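Rule-based calculations on the coordinates, nothing more; no lab input. All values derive from a computational prediction rather than experimental measurement. Counting neighbours? That spans all protein chains shown, and the Cβs are built from the backbone with ideal geometry, glycine included.
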Amino acid sequence: AQSVTQLGSHVSVSEGALVLLRCNYSSSVPPYLFWYVQYPNQGLQLLLKYTSAATLVKGINGFEAEFKKSETSFHLTKPSAHMSDAAEYFCAVRFGNQFYFGTGTSLTVIP
Amino acid sequence: ETGVTQSPTHLIKTRGQQVTLRCSSQSGHNTVSWYQQALGQGPQFIFQYYREEENGRGNFPPRFSGLQFPNYSSELNVNALELDDSALYLCASSYGSGGATDTQYFGPGTRLTVL
């Protein structure tokens, strides 16, 4: 069975601090992993995706994620948080035609 | 290039009614997927259409049905509405046969409230 678990439904960081959003996956086959961001009253926007190429994936807005097979993790990081990063973040694994999303992590950035 | 659009933005229905939600895919995209996002939850996959045929389905009952048209726009129909159907319904389009590496582009969603 395919699934993702996002640890921490709410994360708060100070502006300029490191952002770390955690995602662990469960997949019976090599996974395709994604991070999406959702701003209030908007749809999901793709931040980055892992498709079995480089394990360190760089995305938009300065975000990146590292695929670690031994830890079954795909954590999202950004070196320096900006106020505009405040949003809901979703990790997802794709198996065949289906996406399996985590329950989301709400990121608050404190000025 | 036009992004994914959905209509209506908001909708209020009562239990037992039927509803149709609409989605216009991004230009050039031939695959559309529908998701249900309950409040405080991640999106749940409903189904996917590729070239007008259902190409995958999640764990939703048959009263959730869909259509994809030759211009690749799409509809989601829900019959016999229940209170638990209240959610944000998201449409996502992509180009390809729904393979794992296809990138999906999401619309802003339709907020359905069932009273």
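On average, how many beta carbons from a partner chain sit within 10 Å of the beta carbon of a residue in A:45-52?
Details: counts 2, 5, 0, 0, 5, 1, 4, 2.
Across the residues of A:45-52, the mean count of other-chain Cβ atoms within 10 Å is 2.
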Seminar exercise, completed: For A:LYS68, counting only lysines whose alpha-carbon sits under 25 Å away and dropping same-chain residues fewer than eight positions off, the answer is A:LYS49, A:LYS58, A:LYS78
For this session: Give the distance, in whole Å, between the Cα centre of the range A:77-111 and the Cα centre of the range A:1-65.
Result: 5 Å
For this session: Specify the residue with the greatest mean-square fluctuation among A:LYS69, A:LYS78, A:LYS49, computed from a Gaussian network of chain A linking alpha-carbon atoms under 10 Å apart.
Result: A:LYS69
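With a cut-off of 8 Å between alpha carbons and a minimum separation of six or more residues, what is the relative contact order of chain B in percent? Write down the numbers at each step before the final one.
Values: 301 pairs, mean separation 42.3, N = 115.
RCO, chain B: 37 percent.
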For this session: Please report A:HIS82, B:HIS10, A:HIS75 as a ranked list, fewest other C-beta atoms within 10 angstrom at the top and most at the bottom.
Result: B:HIS10, A:HIS82, A:HIS75
Problem set entry | Filtered GluC sites (Glu not before Pro), the range B:7-101: DSSP coil and at most 12 other beta carbons within 10 Å | B:GLU82
Seminar exercise, completed: Quick calc of log₁₀ I(q)/I(0), chain A, Debye, one scatterer on every Cα, no solvent, q values 0.16, 0.22 1/Å, result -0.65, -1.22
